[in-house]
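Scroll down for the structure; my scribbles are underneath it.
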Amino acid sequence: MNPAFHSIVVHVLTGTLVFGTFAAVALFALRFSVFARFRYLAPAADQAALFAIWIGTVVSLAGMATGFAIHSLEPSLNSPVIRNKISSGILLIVTYGLFLFLRHRIGPRIWNNDLMAGFAAFLTVAGMHWNIVVNSIGGDVAGVPSGYESLVRLSGVETRFTYYLPTWTLLVIAGIAVATLVLAYTDRGSKDDAQPEEARVGEP
């Protein structure tokens with residue numbers, strides 16, 4: 001397969017995920033009074049985030065497929081750099097997939113709870129981080145590094161070698177996981193649940 005086709009697919013998924021992430025972060029920002037006059041945009045931003053992230057996540061699968069069409073599985077798995085690229089791609093799909101699951105499970109009400117709205121926005125930003133890591137590794141392999149690797153290195157991860165997380169990073173991840181479970185078991189909804197969902201998107 002021509003590598004240019006893989007590049008086209010990657011550009012499509014990156015563009016849609018950037019747009020979806022921007023919409024999700026904007027939805028979280030609309031909860032603050034300083035942006036109160038723009039809250040009428042919340043329903044449209046919610047649908048934009050949902051649609052764009054769905055498209056980007058599905059196209060991400062196509063991106064992995066076209067990548068394997070260029071580099072077969074066996075040599076890819078023998079290269080630590082390509083393994084990192086594959087791992088980052090999987091994390092991208094899992095992170096955005098979790099956002100989509102929560103959005104469909106909870107509905108537009110997800111944006112009416114401070115913690116859940118913040119967590120949803122965080123998931124999209126985390127997914128975008130992994131998207132940039134994937135693209136950065138690809139650029140590094142092609143001989144045009146982006147420099148984003150230096151930021152990733154601050155977390156104790158070196159993209160050129162097999163992923164290894166230092167103990168402090170694992171503890172942070174474990175803390176986030178525990179906090180998420182606590183949030184899930186303590187959030188009992190609100191008395192506004194009886195109101196139409198569409199009318200509550202973006203409301204404080």
Neighbours by Cβ (under 6 Å, 6+ apart or cross-chain): first from the stretch 68-88, more than 21 Å from Phe5 (Cβ to Cβ) and touching a residue at least 60 places away in the same chain (Cβ under 8 Å); second crowded, with 16+ Cβ neighbours inside 10 Å and not aliphatic (A, V, I, L, M) = Asn84/Thr159
Inspect all residues belonging to the stretch 190-202 and state whether any of them is in a helix (DSSP H, G or I), at pLDDT 70 or above and either in contact with a helix residue (DSSP H, G or I) (Cβ under 6 Å, 6 or more places away or on another chain) or within 28 Å of Ile132 (Cα to Cα) (or both).
-> no
Of the residues Ser136, Ser87, which single one is modelled with pLDDT under 90 and either more than 19 Å from Val18 (Cα to Cα) or not small (Gly, Ala, Ser) (or both)?
-> Ser87
Within the group Ala4, Ala36, Ala44, Ala23, which residue is out of contact with any Lys or Arg (no Cβ under 6 Å at 6 or more places or on another chain), touching a residue at least 12 places away in the same chain (Cβ under 8 Å) and part of a helix (DSSP H, G or I)?
-> Ala23
Which of the residues belonging to the stretch 161-171 are modelled with pLDDT of 75 or more and surrounded by 13 or more Cβ atoms within 10 Å (Cβ to Cβ)?
-> Thr169
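Let's see how each residue does on (1) farther than 21 Å from Ile8 by Cα; (2) surrounded by 15 or more Cβ atoms within 10 Å (Cβ to Cβ); (3) touching a Cys at 6+ places or on another chain (Cβ under 7 Å):
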residue	(1), (2), (3)
Val58	no, no, no
Ser76	no, yes, no
Tyr96	no, yes, no
Arg103	yes, yes, no
Ala120	yes, yes, no
Leu123	yes, yes, no
Out of curiosity, is Gly63 within 20 Å of the chain's Cα centre (by Cα) and surrounded by fewer than 16 Cβ atoms within 10 Å (Cβ to Cβ)?
-> no
The residue that is modelled with the lowest pLDDT, considering only those in the stretch 1-17 that are buried (at least 16 other Cβ atoms within 10 Å of the Cβ) and within 18 Å of His129 (Cβ to Cβ), is Val10
Of the conditions (1) within 26 Å of Val9 (Cα to Cα); (2) modelled with pLDDT of 85 or more; (3) not small (Gly, Ala, Ser), the single one that Pro145 does not satisfy is (2)
Based on what the data block shows, is Arg31 at pLDDT below 95, part of a loop (DSSP other than H, G, I, E, B) and closer than 15 Å to Pro108 by Cα?
-> yes
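The values are calculated or read from the model by the stated rules, or taken from the named source; none is laboratory data. Please read all numbers here as calculations on a predicted model, not as lab measurements. Don't worry about glycine lacking a Cβ; one is built from the backbone with ideal geometry, like all the others, and counts go over all protein chains shown.
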